[in-house]
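Engineer: This is the structure, below, for whatever I ask next.
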Amino acid sequence: MSAARSPEGAHAAAEGAPVGALLDIRGLCGGYGRVQVLRGVDLQVHAGEMVALLGSNGAGKTTLNKTVCGLCRAWSGTIRFDGKDLSGAHYRAVVKAGLIQVPEGRKVFPDLSVRENLELGSFTRAHERRAANIEKMFHLFPRLRECMAQRAGTMSGGEQQMLAIARGLMAEPVLLILDEPSLGLAPRLVQEMFALIRTLRDGGLAVLLVEQNVGQSLEIADRACVLENGSMRFSGTPEALLGSDMLRRAYLGL
């Protein structure tokens, strides 16, 4: 696929981004060693907004997440979050600012109990409200209350994903990044996962949803962005993306 942006794609990439964004990424470049992955990425997420970041494997989605969260160093560009410049910030500073990521693959602590995993979620933020927030998580995820003493490594994939999201919520995020939350889940659990994400959005939480499940993501997103070969090819409403035959074929394979 050509790396050149089409006139329609270029026009679309300029539309739909809110003014005064909570997360404001401009001209972000980065990668690993001498291998460049991100090529001048612009991305904005507004308070209370859900943005779906779409793209195939290798598009640069996970690298973008890691760079925003301070796990990979940006080569150039700026990352502003909630009025603060987080360009080059340590990941602890990113967490303290309220930008929380639920990583791809769940990454629960397998030898710790469900409750201990939740407690670690408030290690850096909101530790003084830990007990109250655990009760909130048990209300949101009743299954976690039932198995609070169980080792996380013995849980099913769907249960581990619930735990990973609950652990992220324990930090009282201002913006939550969900990286492939439906990956590896059975179809029924995928439906439940997206229903949960919709609940978080309806509660006013800003969410950056990184997914390959295009249909489900576009149903609940306020805006959609498409990343291809480390460059942002589209940013706009889900309706605009789905309404363009060229964009659907080129970037979504639909």
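Each reported figure results from applying straightforward, stated rules to the coordinates on display, with no laboratory input. Since the model is a prediction, treat every value here as computed from it, not as a measurement. Reconstructed Cβ throughout: ideal geometry from the backbone, glycine too, with neighbour counts over all protein chains shown.
Engineer: Could you give the nm distance between label points at K84 and H127, where each point is 7 Å from its Cα heading toward the beta carbon?
Structural biologist: My value for the distance between the label points is 1.6 nm.
Engineer: Let me ask something else about it. Can you list residues whose amide H is under 5 Å from I177's amide H, if they're 5+ apart or on another chain and H is modeled 1.01 Å from N?
Structural biologist: I100, Q101, V102, L208
Engineer: At 0.36 nm per residue, minus the direct Cα-Cα distance, what do K96 and M148 gain on full extension? Give it in nm, one decimal, please. Mind dumping the intermediate values first?
Structural biologist: Numbers: separation 52, 0.36 × 52 = 18.72 nm, distance 2.62 nm.
Stretched out fully, the K96 to M148 stretch lengthens by 16.1 nm.
Engineer: Share of antiparallel DSSP beta bridges in the chain, in percent to the nearest 5?
Structural biologist: Working: 21 of 39 bridges.
Percent antiparallel among DSSP bridges in the chain is about 55.
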